[in-house]
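The values are calculated or read from the model by the stated rules, or taken from the named source; none is laboratory data. Everything quoted here is computed from the prediction, not taken from an experiment. Note that we place each Cβ from the backbone using ideal geometry, even for glycine, and neighbour counts take in every protein chain shown. Accessible surface is based on the protein model in full, side chains and every heavy atom, while ligands, DNA and RNA are left aside. Shrake-Rupley method; radii C 1.70, N 1.55, O 1.52, S 1.80 Å.
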Amino acid sequence: ANEHLTEMALSRDARQIAVMARGEVFVLSTETGYTRRITSTPGHERHVSFAPDGRSLVYVSERDGDMDIFEARLGDPAMKSFADAGPIVETKLLDTAGDLQYPKISPDGKRLAYLADRNRILVYDRTAGTTATALPPGYLYSYVDEDVSFDWSPDSRWLTASAGSIVTKGAVLFPRLEESE
């Protein structure tokens, strides 16, 4: 075991594994064993996950003084995975004055849910560029990392969350997310 490995995320086709090691993002090909470093920053990255098509990753980076959401995507349409030779393009996807955590792309790839300021869950529509509130402040508060969890339904229409820190116990089913506000 490697004591510096803190997270892993598997791509939908199981051909790639994203890992967090020493605060940086790496992707390992399960077919070839080749590992490619994705980030090299002064900040700490965390909360990595794949887009459904395996052509992009989202993660949180602390490089600008707070936690913002970044995306790394394959820069050439001929590339099939992060293990392929070719450019990787990184962009800051969401930047706020507060901290953003746990970015999760919906199974259809159209939305991104995340925890904002440790007290609300927001959903970013990747196509329209708009944000909707799935769970407003007052229903949960994250005191420590990993004490709040949420996930998408397989059809990308619902979010469920464990909001056990305060106020609510158990799972919360959010309204169907047809249109972002």
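Within the stretch 30-59, the set of residues being small (Gly, Ala, Ser) and in contact with a Ser or Thr (Cβ under 6 Å, 6 or more places away or on another chain) comprises Gly43, Gly54.
Residue by residue, here is whether (1) surrounded by 15 or more Cβ atoms within 10 Å (Cβ to Cβ); (2) among the hydroxyl-bearing types (Ser, Thr, Tyr); (3) out of contact with any His (no Cβ under 9 Å at 6 or more places or on another chain); (4) farther than 22 Å from Gln101 by Cα holds:
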residue	(1), (2), (3), (4)
Met8	no, no, yes, no
Ala18	yes, no, yes, no
Ser29	yes, yes, yes, yes
Gly43	yes, no, yes, no
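Output the residues belonging to the stretch 100-129 that are assigned to a loop (DSSP other than H, G, I, E, B), open to solvent by 50 Å² or more (accessible area, probe 1.4 Å) and on the phi < 0 side of the Ramachandran plot. Residues satisfying the conditions are Asp108, Lys110, Arg126, Thr127, Ala128. Taking the conditions (1) of a type in the set (Asp, Glu); (2) buried (at least 16 other Cβ atoms within 10 Å of the Cβ); (3) within 21 Å of Ser142 (Cβ to Cβ) in turn, Asp64 satisfies each one other than (2).
Filtering the stretch 74-90 for residues that are under 24 Å from Arg157 (Cα atoms) and either assigned to a strand (DSSP E or B) or hydroxyl-bearing (Ser, Thr, Tyr) (or both) leaves an empty set. Screening Ser81, Ser49 for residues that are among the polar types (S, T, N, Q) and more than 14 Å from the chain's Cα centre (by Cα) leaves exactly one candidate, Ser81. Residues considered: Gly65, Gly98. Of these, the only one that is out of contact with any Asp or Glu (no Cβ under 8 Å at 6 or more places or on another chain) and at pLDDT below 95 is Gly65. When the test is whether a residue is open to solvent by less than 50 Å² (accessible area, probe 1.4 Å) and out of contact with any Leu (no Cβ under 9 Å at 6 or more places or on another chain), Thr39 passes it.
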